[in-house]
Amino acid sequence: MTSPGNRKQSLEPLPARLLAQPLDFIVADHHRHRVLCHLCEKLAEDEAFDPDLAGAIADHIETEHAAHIADEEQDLFPLLKRRAKREDEIGRVLEQLTEDHAEDERLAARIVNGLRRRIAHPEIPMSAGLRRTLRSFAVCERRHLAIENAIVIPLAKVRLSAQDRADLAGRMTARRQARAARRSDTPRDDP
Ligand SMILES: [Fe+2]
Ligand SMILES: [Fe+2]
């Protein structure tokens, strides 16, 4: 059985070289999402609050998870919509996934705010509402991942050209480079 420490490790960034195969990168990211779901449920169920785990979850949601949604919403889904054939009938599926992303971001914002508050004020017990939100996030996310892995990724593998994949890799790489540049520009409080 994997220890909680190892699970935290598996939320770490994926190897940058994997971005050269953007669909494989997205699938690898989906594996990390399953880890995130597991950790959210663990946090919701544990009596004792683990501030390190809470911080790892909040950090991951704000960075890697947000980048993943942007990869799909801004790049993969529009590209696939352009390349799909009428008989693929992917339009309604992508609309549903976009609605899921909106709900996902709403729950994610509540989780991040709740966990940051809880980390800053460990004397306050975690509310039943925050525990419910953590569980709901995990349930929604797992259903969403199943659809993307079963329908979207296999179709993208068939319909996207080598140039499409190279363009997608370039945009996903640029997104992460821009985020890294923003972080290095942010002044830090620590000495
Ligand atoms: Fe995804
Ligand atoms: Fe998604």
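The values are calculated or read from the model by the stated rules, or taken from the named source; none is laboratory data. Everything numeric here is computed off the predicted structure, so don't read it as measured data. Note that we place each Cβ from the backbone using ideal geometry, even for glycine, and neighbour counts take in every protein chain shown.
A few notes on this one:
- Spans of helices (runs of 4 or more DSSP H) in the range 76-191 with at least 2 residues in contact (Cβ under 8 Å) with a residue 24 or more places away in the chain, within 16 Å of ligand 2 (Cβ to nearest atom) and in contact with an Asp or Glu (Cβ under 7 Å, 6 or more places away or on another chain): 91-120, 128-147, 162-185
- Of all residues in the range 14-28, exactly one satisfies the criterion of being closer than 17 Å to Arg143 by Cα, surrounded by fewer than 19 Cβ atoms within 10 Å (Cβ to Cβ) and touching a residue at least 40 places away in the same chain (Cβ under 8 Å), namely Val27.
Residues checked against (1) under 20 Å from the mean Cα position of the chain (by Cα); (2) over 28 Å from Asp75 (Cβ atoms); (3) not charged (D, E, K, R):
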site	(1), (2), (3)
Ala109	yes, no, yes
Met126	no, yes, yes
Leu160	no, no, yes
Gln163	no, no, yes
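- Selection from the range 1-39 of residues that are at pLDDT 95 or above, within 16 Å of ligand 1 (Cβ to nearest atom) and hydrophobic (A, V, I, L, M, F, W, C): Leu18, Leu19, Leu23, Phe25, Ile26, Val27, Ala28, Val35, Leu36, Cys37
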